Amino acid sequence: MTAHYADRYKYKSKKEKRRVVITGVGAVTPLGNDIESSWKNLICGKSGIAPITLFDASHYPVKIAAEVKNFDPGTAVPDEFKPFIGRSTGFCLKAAEEAVKNAGLNLDLIDTSQIGISIGTDEESASFSMFEKMFENPDILEMMVARKSAAHGRYPLPHLNRSKPLGKIWPFRRNASTAASMLSIIQNINGPVSTSSSACASSAQAIGRATRMIQDRDAEIMVTGGCDSMIGEFSLTGFAKIKALSKNNDDPEKASRPFDMKRDGFVLGEGAGILILEELSHAQQRGAKILGEITGYGSSSNAYKITATPENGCGPDIAMKTAINEAGGDIDQVDHINAHGTSTYLNDKSETAAIKNVFHDRAYSIPVSSNKSMMGHLVASAAAIEMIMSVLTLNRNVIPPTINYENPDPDCDLDYVPNKSRNKKVETILSNSFAFGGQNASILVKKFQ
């Protein structure tokens, strides 16, 4: 196994790689509709989990989620685009607006063919009410009749357009690539655009891809991250059926409890996180404030099961070790691990084992914390938001807590920064994201030197 890691890094090192830095961040989360409010609530240990309001969940076994509250896209979404924009894409555009501003970028003064987009996301969520809106108009029935009649030459073809506007654009609105496409159009970005859709690892892989694009000279700047909004009848039912969700409806703020012995599943959340990545010399030439540097990225697969990770941590440990090797291979450089930490029995046990596989005895001295204890599981957007919180940790030397850690689990025996944030100088953070289906991604981010 050691030889495999060494060979992989030796192969990568043959190509001269450009340094990739972070110059801007933006977020919409269950803890706030911008970076500062989200960070403030995170380090205070505040939970964003509450009873569901987006639909009537009274008859469902799970009645809680981590919703984004009082969201207003404001100027991020022009009026003419609103019919095409679902909740997830709206989060993305708002977070991107903040990130561009945070980076001090004036896109009117930059060659936008040198700017790319890499977004991790899923299909836009659907609810029963949306389908009702699509089919409530009898014109839908008339359209179907007209299609049949037109085939026999009885009806003029223009009648086929008499469907509800939402029905006409539904296939595009549901497409996973819509967020990246809309971001490209609204911000007038002409460089490479890509979408990653790999469940919980989506935005980590998107950030990894963005990093590679800059290193390989495909772009000078990348707008990257992720967005998701799965809080709906379909997603809630599916995750509940496989017993992945917490049913602690009576005490929502206590429901997400990563690594705790009494954990009973994750809490579904929503949001978006966007980072501005930039080639180092480009950032320096324009006088950008550098928030951190991405020095390592690793991706792997468990080759195991769709809904479970190996108890021995094999698979996730490959992603972590690959990221560390790309950054030089020194496990002692890692000061903090932002864990995937879902609050499911199997994931937390597997991730703990994977950390031990990589760091050995040193695993016990590294602070490990899970943002999901407060924000829930934001699925495709989780990794991006957690990466942003890691960047803020680097700059502010405060490690967010893992709240609701009250009952130690013998299989989860690391330092999970229980219940209270910790003041600590941090130079390097490893951020983990492990998805249903077994796709893994780890990113190493360092304080810029």
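The values are calculated or read from the model by the stated rules, or taken from the named source; none is laboratory data. Just so we're clear, the structure is a prediction, and the values are computed from it rather than from any experiment. In this analysis, Cβ positions are derived from the backbone assuming ideal geometry, glycine residues included, and neighbour counts consider all displayed protein chains.
Structural remarks
- For segment 412-425, the criterion of being in the same structural domain as residue 197 (by TED's automatic domain parsing), assigned to a helix (DSSP H, G or I) and crowded, with 18+ Cβ neighbours inside 10 Å is met by none of the residues.
- Every listed requirement among (1) in a helix (DSSP H, G or I); (2) among the charged types (D, E, K, R); (3) in contact with a Lys or Arg (Cβ under 6 Å, 6 or more places away or on another chain) is met by residue 253 save one, (3).
- Scanning segment 211-247 for residues that are surrounded by 22 or more Cβ atoms within 10 Å (Cβ to Cβ), in a helix (DSSP H, G or I) and hydroxyl-bearing (Ser, Thr, Tyr) turns up just one, 211.
- Options 351, 326; residue that is within 19 Å of the chain's Cα centre (by Cα) and not small (Gly, Ala, Ser): 351
- Verdict on residue 342 being of a type in the set (Ser, Thr, Tyr), assigned to a loop (DSSP other than H, G, I, E, B) and in contact with a helix residue (DSSP H, G or I) (Cβ under 7 Å, 6 or more places away or on another chain): yes
- Filtered residues of segment 354-378 (kept if more than 15 Å from the chain's Cα centre (by Cα) and either outside the structural domain of residue 69 (by TED's automatic domain parsing) or assigned to a strand (DSSP E or B) (or both)): 368, 369
- Scan of segment 57-95 for residues that are part of a loop (DSSP other than H, G, I, E, B), more than 13 Å from residue 232 (Cα to Cα), at pLDDT below 95 and among the aliphatic types (A, V, I, L, M), ordered by number: 77, 85
- Counting the residues of segment 277-325 that are part of a loop (DSSP other than H, G, I, E, B), surrounded by 20 or more Cβ atoms within 10 Å (Cβ to Cβ) and small (Gly, Ala, Ser) gives 3.
- Test: residue in segment 305-323 that is more than 17 Å from residue 434 (Cα to Cα) and in the same structural domain as residue 381 (by TED's automatic domain parsing): no
- Leading residue by the ranking (surrounded by the fewest Cβ atoms within 10 Å (Cβ to Cβ)) among those in segment 96-120 that are assigned to a helix (DSSP H, G or I) and among the hydroxyl-bearing types (Ser, Thr, Tyr): 113
- Filter result (modelled with pLDDT of 95 or more, aliphatic (A, V, I, L, M) and either farther than 27 Å from residue 372 by Cβ or not in a loop (DSSP other than H, G, I, E, B) (or both)) within segment 2-45: 20, 21, 22, 25, 27, 28, 35, 42, 43
- Among the residues of segment 381-393, none qualifies, meaning not one is part of a strand (DSSP E or B) and surrounded by 17 or more Cβ atoms within 10 Å (Cβ to Cβ).
- In this entry, residue 274 is excluded by the filter for residues that are assigned by TED's automatic domain parsing to the domain that holds residue 401, under 17 Å from the mean Cα position of the chain (by Cα) and not in a strand (DSSP E or B).
- The listed residues are 208, 269, and the only one of them that is touching a His at 6+ places or on another chain (Cβ under 6 Å) and crowded, with 23+ Cβ neighbours inside 10 Å turns out to be 269.
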